[in-house]
Amino acid sequence: ADSIFYTTGRLTSEMVMKSAQMGVAVVVSRSGITQMGHTVAQRLGLCAIGRATNKRFLCYSGSERLLLEPDLAGARPLAAG
């Protein structure tokens, strides 16, 4: 599936399960994810992203579904040292 579910609230287990039932591959929240939501996302193989603001986010599960292009977002490489 190529669908993405976005919410401003926390990703709960119920939201993750309903998204999976609808065939959504990626769930994204501007807020975080609950412990149970994280567990369910891992078990179902869903990509769960939280704290998505501006150009930053945390991927809690399913990172293999992401194709990251840091140059596209204007990210700067980390300085060595």
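The values are calculated or read from the model by the stated rules, or taken from the named source; none is laboratory data. On a predicted model such as this, the values are computed, not experimentally measured, just so you know. All accessible areas refer to the heavy atoms of the entire protein, side chains included, with ligands and DNA or RNA removed. Shrake-Rupley method; radii C 1.70, N 1.55, O 1.52, S 1.80 Å.
Would you grab the residues whose amide H sits under 5 Å from the one on TYR60? Only those 5+ places off in sequence or on another chain, please, with H modelled 1.01 Å from N.
ALA48, ILE49, GLY50
Can you send over the carbon and sulfur percentage of the accessible area for the chain, probe radius 1.4 Å, protein chains only?
Of all accessible area on the chain, carbon and sulfur atoms account for 53 percent.
Can you tell me the relative contact order of the chain? Whole percent, Cα pairs under 8 Å, sequence separation 6 or more.
Relative contact order comes out at 24 percent.
For q values of 0.12, 0.13, 0.25 Å⁻¹, compute log₁₀ I(q)/I(0) with the Debye formula on a Cα-only model of the chain, without solvent.
For the chain at q = 0.12, 0.13, 0.25 Å⁻¹, log10 I(q)/I(0) is -0.35, -0.40, -1.17.
Run lengths n ≥ 4 of DSSP H only: what is the helix-derived mean residue ellipticity at 222 nm for the chain, with -39500 (n - 2.57) per run over all residues, to the nearest 500?
Per the formula, -7000 deg cm²/dmol.
Rounded to the nearest whole Å², what accessible area per residue is found for the chain with the 1.4 Å probe?
Result: 73 Å² per residue.
Against the longest principal axis of the chain, how steep is helix 35-44, in degrees 0 to 90 to the nearest 10, with axes from Cα atoms?
So the inclination is approximately 90 degrees.
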